[in-house]
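Any read-out appearing in this document is the output of simple, stated calculations on the displayed coordinates, not a laboratory observation. Just so it is clear, the structure is predicted and the values come from calculations on it, not from any experiment. Neighbour counts run over all protein chains shown; Cβ positions are idealised from the backbone, glycine included.
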Amino acid sequence: MIRTLTILAALSFTAPAFADGHASGDADAGEKAFKKCKSCHMIETDAGETIVKGGKTGPNLYGLFGRQPGSVEGYRYGDDLVKAGETIEGGWTEAEFISYVADPKGWLNDKLGGGAKSKMSFRLKKEEEAADVWAFIVSHGPAPE
């Protein structure tokens, strides 16, 4: 009985991390935290359906999971983000996103070896909050392939 309870307890802690296979955060908490992001970013489907109305200073975050950084057609990215994006195999992942939003310029410098500039000055320094925002974003995107 104790062994069964221990196993069930352990599984309850890992279930959220693997609930959708690509996000460990809490999408509900991420919805609240995303309010900090929507002054610059929106989430809008390819068909034009608005999921989260937001600004256009930053690119649309719909379909972020697996997308190559710096690749939304029609958005003018900084050259360094486009170059850094070319170094990432498989596109945006939760780990890359969390690292990027914690320190965009630092992330670019890590990818490019220094001297990089970032157009994004905002930071989400708390890793848990960034994971929650990631979960919220990917929960409103297309199903991963």
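Inside the stretch 61-101, can you point out the residues that are of a type in the set (Lys, Arg) and part of a loop (DSSP other than H, G, I, E, B)?
Matches in the stretch 61-101: 67, 76.
May I ask you to list the residues in the stretch 28-79 that are in contact with an Asp or Glu (Cβ under 7 Å, 6 or more places away or on another chain), more than 22 Å from residue 143 (Cβ to Cβ) and without any contact (Cβ under 8 Å) to a residue 24 or more places away in the chain?
Listed by number, the list is empty, since nothing qualifies.
So, residue 58, is that one surrounded by 19 or more Cβ atoms within 10 Å (Cβ to Cβ) and assigned to a loop (DSSP other than H, G, I, E, B) or not? Outline the logic, then answer.
Values: surrounded by 19 or more Cβ atoms within 10 Å (Cβ to Cβ): yes; assigned to a loop (DSSP other than H, G, I, E, B): yes.
In short, yes.
Within the stretch 119-135, is even one residue touching a Cys at 6+ places or on another chain (Cβ under 9 Å), outside any helix (DSSP H, G or I) and surrounded by 15 or more Cβ atoms within 10 Å (Cβ to Cβ)?
At the first step, the residues of the stretch 119-135 found to be touching a Cys at 6+ places or on another chain (Cβ under 9 Å) are 120, 122, 124, 133.
From the residues that got through so far, the ones that are outside any helix (DSSP H, G or I) too are 120, 122, 124.
Filter again for surrounded by 15 or more Cβ atoms within 10 Å (Cβ to Cβ), leaving 120, 124.
So far as the stretch 119-135 goes, yes, one or more of its residues are touching a Cys at 6+ places or on another chain (Cβ under 9 Å), outside any helix (DSSP H, G or I) and surrounded by 15 or more Cβ atoms within 10 Å (Cβ to Cβ).
Here are the criteria: (1) surrounded by 15 or more Cβ atoms within 10 Å (Cβ to Cβ); (2) over 22 Å from residue 28 (Cβ atoms); (3) of a type outside the set (Phe, Trp, Tyr). Tell me which single one residue 73 does not satisfy.
Single failed check for residue 73: (1).
Considering only residues that are closer than 21 Å to residue 45 by Cα and either surrounded by 15 or more Cβ atoms within 10 Å (Cβ to Cβ) or of a type in the set (A, V, I, L, M, F, W, C) (or both), which ones fall in the stretch 76-92?
Those that are closer than 21 Å to residue 45 by Cα and either surrounded by 15 or more Cβ atoms within 10 Å (Cβ to Cβ) or of a type in the set (A, V, I, L, M, F, W, C) (or both): 77, 91, 92.
Within the stretch 105-118, restricting attention to residues that are assigned to a helix (DSSP H, G or I) and in contact (Cβ under 8 Å) with a residue 24 or more places away in the chain, which residue is farthest from the chain's Cα centre (by Cα)? Give the derivation first.
Taking the stretch 105-118 first, the residues assigned to a helix (DSSP H, G or I) are 105-112.
Within this subset, residues satisfying the condition of being in contact (Cβ under 8 Å) with a residue 24 or more places away in the chain are 108, 111-112.
Details: 108: 15, 111: 17, 112: 20 Å.
Among those residues, the one meeting the criterion is 112.
Here is a check on your reading of the model: is residue 83 more than 28 Å from residue 32 (Cα to Cα), basic (Lys, Arg) and without any contact (Cβ under 8 Å) to a residue 60 or more places away in the chain?
When the stated conditions are applied, residue 83 passes them.
Mind checking whether some residue in the stretch 105-118 is out of contact with any Gly (no Cβ under 7 Å at 6 or more places or on another chain), crowded, with 19+ Cβ neighbours inside 10 Å and of a type in the set (Asp, Glu)?
Checked against the condition, which is being out of contact with any Gly (no Cβ under 7 Å at 6 or more places or on another chain), crowded, with 19+ Cβ neighbours inside 10 Å and of a type in the set (Asp, Glu), the stretch 105-118 yields no hits at all.
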